[in-house]
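Asker: Structure in C-alpha cells, see below.
The values are calculated or read from the model by the stated rules, or taken from the named source; none is laboratory data. What you see is a predicted model; the values in this text were computed from it and never measured. Neighbour counts are summed over all protein chains in view; Cβ atoms, including those assigned to glycine, are modelled from backbone coordinates with ideal geometry. Only protein heavy atoms, including side chains, enter the accessible area calculation; ligands, DNA and RNA are left aside. Shrake-Rupley method; radii C 1.70, N 1.55, O 1.52, S 1.80 Å.
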Amino acid sequence: MHKRLIHNVLTGLGMLSIFLLGWWFWYVLDGSEKAEQRAIQAAEDYVHQTYTDRTLHVTDVMYLSLYDPKYHVRMTSDTSVDTDFTVRVTRSGKIVDDSYEEDVVSKFNTYTRIQEAYDRAVQDALRLVFSDRISLMAELPYLQWDEDKDEVNKIDLDDLEVDQVTGLAFYGARYGILFAHVRSKSYTYEEAADLLRDLKYEADDRNIRFHSIKLQITIDGVERYTEDIFYDDIDSPDFVKHLEQRLNN
C-alpha cells in the first residue's frame, strides 16, 4: 500500500512536470494575440514619449521565440524614408531597448538605401546586356569604425544626411565596385580586355558610374581573380598588359 502511494505520488509529480515543461515551452516559443497587442501599445507609447516624430507608426511585429523571446516591433515614419527601427518588448509589455541610434542616427539606414539603389540601378541597366556572359553585383563599401578614413576609399557614414537625395552618379564614380564573374568560356587577355571595355561602354551609355571592378575570369583554361581594375585604366592604350599583370599577381 505504502509503495503504491509513493508510486502514485511520483507519477503525479512526473505528469505535473511534463505539463509545466510543456506550458513553459508554449510560453517561450509561441506568442499570443493579447501579448502582441500589449507589445504594440507599449512600443507606440514609448516612441511617442521618446522621439519628436509624430508620424511614427507600427508596420510589422515579429516574435523571435528561439533567438530572442521578445516582440520586435518595427516602427517607420510617414515623413522620413530613413527612419525605420525596431523596439524590443517583453511579453508583459516592458520595453527592453530600441535600435533608433544604431539604425537611424548612425546613418546606416541612409547608407543601406543608397547601396540598394545603386545595386538595383546596375542590375537594371546591365543585367540583360551581359546575362549570357557576366554575373554582376555592385557595392558601395562603407567605412568601418576602426578604419582610417584617410587611407580607405569608402563612404563615411558621418558625411551622410538622413533622407538625403540618393546621388548615385556621385557615389558610383567615387566608391562603386562592380563584381564581375565572367562565365561560360575561357578567354585570352585580349578578349578579357575587350569584354571589360564593352562593360564600361554600356555602363557609360546608361550613366552607371563605377570606381573599380573586381574580376573573376578564366584565362587560357585557368580561373583567375583580381581586384582594383580602375575605371580610368580600362581605356588606356596598355590596358591588356596592365590586366595581365593584375591577373597574374
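Asker: What about HIS181, is it surrounded by fewer than 19 Cβ atoms within 10 Å (Cβ to Cβ) and in contact (Cβ under 8 Å) with a residue 24 or more places away in the chain? Don't jump to the end; show me each part of the working.
Answerer: Numbers: surrounded by fewer than 19 Cβ atoms within 10 Å (Cβ to Cβ): yes; in contact (Cβ under 8 Å) with a residue 24 or more places away in the chain: yes.
Criteria met by HIS181.
Asker: For the range 130-144, which positions are open to solvent by less than 80 Å² (accessible area, probe 1.4 Å) and closer than 24 Å to ALA203 by Cβ? Spell out how you get there, then give the answer.
Answerer: Here is the first cut: in the range 130-144, the residues open to solvent by less than 80 Å² (accessible area, probe 1.4 Å) are 130-131, 133-136, 138-144.
Matches in the range 130-144: PHE130, SER131, ARG133, ILE134, SER135, LEU136, ALA138, GLU139, LEU140, PRO141, TYR142.
Asker: Then there's this: Would you be able to tell me the number of residues in the range 39-79 that are open to solvent by less than 70 Å² (accessible area, probe 1.4 Å), part of a loop (DSSP other than H, G, I, E, B) and β-branched (Val, Ile, Thr)?
Answerer: Selection size over the range 39-79: 1.
Asker: Which residues, counting only those in the range 148-165, are open to solvent by less than 40 Å² (accessible area, probe 1.4 Å) and either touching a helix residue (DSSP H, G or I) at 6+ places or on another chain (Cβ under 6 Å) or assigned to a helix (DSSP H, G or I) (or both)?
Answerer: ILE155, LEU157, LEU160 - these are the residues of the range 148-165 that are open to solvent by less than 40 Å² (accessible area, probe 1.4 Å) and either touching a helix residue (DSSP H, G or I) at 6+ places or on another chain (Cβ under 6 Å) or assigned to a helix (DSSP H, G or I) (or both).
Asker: Next question. Could you pull out the residue among ARG206, ARG224 that is under 30 Å from the mean Cα position of the chain (by Cα) and either polar (S, T, N, Q) or loosely packed, with under 15 Cβ neighbours inside 10 Å (or both)? Even if it seems obvious, please write down each step before you answer.
Answerer: Values: ARG224 fails: either polar (S, T, N, Q) or loosely packed, with under 15 Cβ neighbours inside 10 Å (or both).
Selected residue: ARG206, the only one of ARG206, ARG224 that is under 30 Å from the mean Cα position of the chain (by Cα) and either polar (S, T, N, Q) or loosely packed, with under 15 Cβ neighbours inside 10 Å (or both).
Asker: Take the conditions surrounded by fewer than 15 Cβ atoms within 10 Å (Cβ to Cβ), among the acidic types (Asp, Glu) and under 15 Å from ALA173 (Cβ atoms) and apply them to ASP232. Does it pass? Before the answer, list the steps.
Answerer: On the way: surrounded by fewer than 15 Cβ atoms within 10 Å (Cβ to Cβ): yes; among the acidic types (Asp, Glu): yes; under 15 Å from ALA173 (Cβ atoms): yes.
It is true that ASP232 is surrounded by fewer than 15 Cβ atoms within 10 Å (Cβ to Cβ), among the acidic types (Asp, Glu) and under 15 Å from ALA173 (Cβ atoms).
A quick yes/no check of all residues on (1) open to solvent by less than 30 Å² (accessible area, probe 1.4 Å); (2) touching a Cys at 6+ places or on another chain (Cβ under 9 Å); (3) of a type outside the set (Lys, Arg); (4) outside any strand (DSSP E or B):
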position	(1), (2), (3), (4)
VAL81	no, no, yes, yes
ASP97	no, no, yes, no
GLU101	no, no, yes, yes
VAL104	yes, no, yes, yes
ILE114	yes, no, yes, yes
LEU128	no, no, yes, yes
ASP146	no, no, yes, yes
